[in-house]
Structures are given as structure tokens and as C-alpha cells.
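Student: Below is one structure. I have some questions about it.
Where a number appears in this text, it was derived from the coordinates with a stated rule and is not lab data. Small disclaimer: the values here were computed from a predicted structure and weren't measured. Neighbour counts are summed over all protein chains in view; Cβ atoms, including those assigned to glycine, are modelled from backbone coordinates with ideal geometry.
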Amino acid sequence: MASIEDFKKLEFKVAQIKEVTDHPNADRLYVLKVSLGVGPEGQSIDRQLVAGIRSSYPDKEKLIGRRVVIVANLDPAVIRGVESQGMVLAASDELGAAVLSPERDVALGSIVK
């Protein structure tokens, strides 16, 4: 069983999907470009994520612009040859995966707690 201290180690943030492309080496994966907003120097804070949501979202255009919750402080991982710099959160059941989104358009980079 995990403790509250274990949970606090993870950093959940709101991001917006800017681009969705098919993973070049996996039929069930997308490569997502997401924005966490603008940093203190005025630079865009972007991340690349690999997500196994392709079968649940065959029309990838419907994902663009959507705000989602990501785990922002994971070590980068190479998934089938493509670097992923975090993880998009999704729930799944017999109908497939559903990415988690805030109820309203909260500011990009907002911390989820």
C-alpha cells in the first residue's frame, strides 16, 4: 500500500495537447506534443509523450486542443524508439481508454492535487 508521502512524490499537471502523430514503430501508440504553458522567461514549456490511446481515439484530430492531466516529473523513457517525457493519465474499462481532463479550462501547468 502506498502512503500519502509516496503520492506527493508525483507531480500531476494540466497540459494541452498541441500535436498528435502516429508512433512510427507501434500501431497502438500515439506521440503527443503537449504544452504546460509559458515559463518565467517567456519560453513555452513543451513535452513529448508516448501514449497507448490510439485504439480509443482513432480520430486523433479530436485530441488536439484538449486539456489533459499528465505526470510531469517522471524520468524520460524510450518507448519503442521514441522518448516519452511524462505520462498522460487515462482511465480504462471494457469500452477502452478515456484521458482525464479538468472540468474547466484551468491554466496550463496547474498542479493537480
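Student: Putting +1 on Lys and Arg Cβ atoms and -1 on Asp and Glu Cβ atoms, find which of S92, L63, L108 reaches farthest to the positive end of the dipole of the stretch 8-113.
Tutor: Farthest towards the positive end: L108.
Student: Oh, and also: Can you show me the helix-derived [θ] at 222 nm for the chain, built from DSSP H runs with n ≥ 4 at -39,500 (n - 2.57) apiece and divided by the number of residues, rounded to the nearest 500.
Tutor: My calculation for the chain gives -1000 deg cm²/dmol from helical runs alone.
Student: Taking the Cα centre of the stretch 4-103 as origin, work out the dipole magnitude from +1 charges on Lys and Arg Cβ and -1 charges on Asp and Glu Cβ, in debye rounded to 20. Please report the intermediate quantities before stating the final value.
Tutor: Numbers: 13 positive and 15 negative charges, 32 e Å.
In total the dipole reaches around 160 debye.
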